[in-house]
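Structure first, commentary second.
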Amino acid sequence: MQDDDSFVYDEASGEWISAADAAAAGVDGDGAVEVRDAVGNLLADGDQVTLIKDLTVKGAGQTLKRGTLIKSIRLTGDAQEIDCKFDGIKGLVLRAEFVRKR
């Protein structure tokens with residue numbers, strides 16, 4: 001049972017928010033943000049994802065095609081961004097709305 005007076009420190013905003021507001025915003029008790037893919041699956045560090053849309057990579061002169069497998073993702077602390085590696089592209093950051101957990 002959750003206490004109505006409990007608060008959680010939100011590192012992103014630097015403020016104390018109520019536990020109910022944190023749960024609604026997708027922040028758990030230790031400040032970690034829940035990252036969900038395009039269909040609502042919860043993502044974690046090390047997961048494999050596939051692209052659901054063709055994406056043009058700025059600065060690389062390359063297009064990642066739909067269905068491309070991205071291995072070993074890392075969460076960035078932002079609910080919409082994931083960090084990943086792909087051959088020939090350094091520092092690739094993808095939005096979670098364009099991937100599906102494999």
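One table, with the values for the structure above:
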| item | result |
| --- | --- |
| Lone unmet requirement of (1) in contact with a strand residue (DSSP E or B) (Cβ under 8 Å, 6 or more places away or on another chain); (2) under 25 Å from SER13 (Cα atoms) for THR50 | (2) |
| Counted residues, the range 39-82 - those being touching a residue at least 12 places away in the same chain (Cβ under 8 Å) and either of a type in the set (Gly, Ala, Ser) or closer than 12 Å to ARG102 by Cβ (or both) | 21 |
| Test for ARG66: is it under 30 Å from GLU11 (Cβ atoms) and not hydroxyl-bearing (Ser, Thr, Tyr) | no |
| Filtered residues of the range 84-96 (kept if within 21 Å of ASN41 (Cα to Cα) and loosely packed, with under 15 Cβ neighbours inside 10 Å) | LYS85, VAL93, ARG95 |
| Residue satisfying all of: in the range 10-27; assigned to a strand (DSSP E or B) and modelled with pLDDT of 70 or more; nearest to ALA79 (Cα to Cα) among these | ASP10 |
| Scan of the range 72-91 for residues that are farther than 27 Å from ALA12 by Cα and in a loop (DSSP other than H, G, I, E, B), ordered by number | ASP87, GLY88 |
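Every residue, every condition in (1) touching a Phe, Trp or Tyr at 6+ places or on another chain (Cβ under 8 Å); (2) surrounded by 13 or more Cβ atoms within 10 Å (Cβ to Cβ), yes or no:
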residue: ASN41; (1), (2): no, yes
residue: ASP45; (1), (2): no, no
residue: LEU51; (1), (2): yes, yes
residue: LYS58; (1), (2): no, no
residue: GLN62; (1), (2): no, yes
residue: GLY67; (1), (2): no, no
residue: ILE70; (1), (2): yes, yes
residue: ARG74; (1), (2): no, yes
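Per-residue answers, yes or no, for (1) modelled with pLDDT of 95 or more; (2) in a loop (DSSP other than H, G, I, E, B); (3) among the basic types (Lys, Arg):
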{"residue": "ASP4", "(1), (2), (3)": "no, yes, no"}
{"residue": "VAL8", "(1), (2), (3)": "no, no, no"}
{"residue": "GLY29", "(1), (2), (3)": "no, yes, no"}
{"residue": "LYS53", "(1), (2), (3)": "yes, yes, yes"}
{"residue": "ARG66", "(1), (2), (3)": "yes, yes, yes"}
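The values are calculated or read from the model by the stated rules, or taken from the named source; none is laboratory data. Just so it is clear, the structure is predicted and the values come from calculations on it, not from any experiment. Cβ atoms come from the backbone with ideal geometry, glycine included; neighbour counts cover every protein chain shown.
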